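Contents: one structure, followed by commentary.
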Amino acid sequence: MAKGQLEFQEEVDAARIENAMWRSWKADGSGDHSGDHSAKTEKLERVRGSIGDSIDFSQIRYPQETRRCRYDDLPTFPVRPNFAGFENALQPASQCVVFDGCPEDPYHPSNTPIYQTSTFVQPSSSEFGPYDYTRSGNPTRTALEKHVAMLEHAAAAFAFSSGMAALHTVTRLLKQGDEILVNEDIYGGMHRLLTQDCAHNGVQVTFVDTTNLTAVAKAITPKTKIIHTESPSNPRMKISDLRKLATLAHQHKVLLSVDSTMMPPVICQPLLLGVDLVVHSATKFFSGHADCTGGLVCVRDPELAHRVAFLQNAEGTALAPFECFLFLRGIKTMWLRVNRAQENTVQIAKALAKHPRIKEVFYPGPGGCSSEALRIHNSQSSGCGCIISFTTGSVSFSRRFLDASRLFKTTVSFGSVNSLGEMPCTMSHASIPAEERTLPADLVRLSVGIEDVRDLLQDLQRALDFASSQKPPPEHDGYDSRFEDLPVVPRPPDEEERPRKSLSEWLLSEVEGPSTSQMLSGAVPNPNDQNKH
Ligand code: PLP
């Protein structure tokens, strides 16, 4: 074996080495007050003795004949730390930023590079390197999955090509004949996946109100393997008690899965409440800029992690390197974005609740839900999120309101820096057949962005005034695409000039005209001034 190469011996489990290195600061005595310290130190010394003080991950080899794991375990699931019991001394805002995404890169770049490759050259025909094929594993994806695992306190996190691919993977943990209990109020795409895909594959799908623990307890059968919910739920913002649901689920040896898309890890970490699987549509708050789609599955249990890794590889649903890079970038500002948007949300919810044309406001803040629901929500998360839904008592009023708002763009999705608005029945939840839908038709869902709240409040007031009036629908007059009243540079030819000069002649004469400094000094009148109103 060449110098510097490492071959794992019996005692050194490949999957634990990075763990040991990552946690060495604890075993070194800084901050660890639990467990048998001397045993931990001894174990670490043993690992150090076997692999040396520093490890060059690019030199790791997995000899095919002597490896103890199955083929599908490596390199499908490259070595990575288990963050399930990780105690991070940093505050959430810092955790989003302080993360070394590529400690093994020889150049140690400050940001994780995009490993835009489908394949990795193997050390020999009888050994695997840490990566072999991007569907199975890619360093940019590992970096994203590690950072997400750290934020969510997960044994491992997995990045998928969309939130739906992540949710699909959760349902793939079920076999024919198994049952999944699902909250009555969930994202329309998940409803479609369950009722029109899983159910056709022999999985029994039962809807239940997960805010009602008695109803859930009654609904559990020996076939139940997963309970799946959202808290707050999309779009009616119902709150489920995740701690109590987890206890109930575990009493029946059932897994609890939570789609926490509305509650990014900077405000809620459901794995710490006992939840087994946390799913995100990363398209929302992890991106934050509505520029890429992705999904995440985070798990507490290493065995479950291996199963999810297997499915990610076997079904080819993993996220591509470029998108991983975008999400890594998005995470850095996640705390800032979410906090700013939450501040706006509180003010907007207050204003909506006071408005005479708004019937009911739903959001996990004062006035947006019952005091008991608010107590539960506050006990499991540190913020209200950035989504509000409300009813107006009239479908046409809701439509006129949305059509008139200019800053709240009529768009599905949420979690972007821009404010958005939509009507779930005809947009995000339209895939639920009308006869099965229990949503009010006049329901409007707003996703509050990071704009100045004064602009947002003014826009909402204007749209509500318009919706209350008898005026015909406004022309589309978006803020960001029309600038007719601003001076144009260079000035277009006047109508009379056009027939006499070709455009190139005219441009040339403009270029040869007075210099900018002459215009600034006032020596020559600025032609653009004529355009100012
Ligand atoms: N989960 C929730 C709560 C959602 O709102 C969405 C999409 O809007 C999804 C999952 C699906 O995510 P994606 O669109 O990234 O597939």
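Only residues of the stretch 308-340 count here: report those whose backbone N is under 20 Å from the spot 7 Å along Cα→Cβ of S118, or say none. Backbone N within reach: 312-325.
Just need the relative contact order of the stretch 351-415 here, percent rounded to a whole number, with Cα pairs under 8 Å and 6+ apart.
On the way: 50 pairs, mean separation 19.5, N = 65.
Relative contact order, the stretch 351-415: 30 percent.
Label separation (E303 vs D403): 5.7 nm, computed from points 7 Å beyond Cα along the C-beta direction.
Note that the stretch 171-237 shows a convex hull volume over its alpha carbon atoms of 69 Å³ per residue. The calculated FRET efficiency for V97 paired with Q458, based on their beta-carbon distance and R0 = 30 Å, is about 0.35. Projected onto planes of every orientation and averaged, the convex hull of the alpha-carbon atoms in the stretch 94-226 covers 12.0 nm². Under the simplified labelling scheme, the D465-S371 pair shows an inter-label distance of 3.7 nm, with each label point 7 Å from Cα along Cα→Cβ.
Peptides 173-182, 83-92, ordered by how many other C-beta atoms sit within 10 Å of their residues on average, highest first, read 173-182, 83-92.
What full-extension length gain, to one decimal in nm, is calculated for N88 and L272 as 0.36 nm per residue of separation minus the Cα-Cα distance? Spell out each step's value before the answer.
Values: separation 184, 0.36 × 184 = 66.24 nm, distance 1.31 nm.
In short, 64.9 nm is gained.
Of all DSSP beta bridges confined to the stretch 360-465, the antiparallel ones make up roughly 85%.
Legend: distances between Cα atoms for K354/K409; K146/K332; K284/K350; K175/K284; K218/K253; K146/K225; pairs beyond 21 Å are K354/K409; K284/K350; K175/K284; K146/K225. Remark: the stretch 357-413 carries a charge dipole of roughly 280 debye about the Cα centre, counting +1 on each Lys and Arg Cβ and -1 on each Asp and Glu Cβ. Taking Lys and Arg as +1 and Asp and Glu as -1, the other residues whose beta-carbon sits under 14 Å from that of N378 total 0. Summarising the amide proton neighbourhood of E179: residues at separation of 5 or more, or on other chains, whose placed amide H is nearer than 5 Å comprise Q204, T224, K225, I226. Size estimate for the stretch 242-301 follows the Kirkwood approach: the inverse of mean 1/r over distinct Cα pairs works out to 12.0 Å. Overall, the stretch 337-437 carries a charge dipole of about 400 debye about its Cα centre when +1 sits on the Cβ of Lys and Arg and -1 on the Cβ of Asp and Glu, all other atoms neutral. Note on A314/K223: beta-carbon distance plugged into 1/(1 + (r/R0)^6) with R0 of 25 Å gives a FRET efficiency of 0.55.
Read-outs: derived from the displayed coordinates by stated rules, not from any lab. No experiment lies behind these values; they were computed from the predicted model shown. Because the Cβ atoms are built from the backbone with ideal geometry, glycine has one as well, and the counts that use them run over all protein chains shown.
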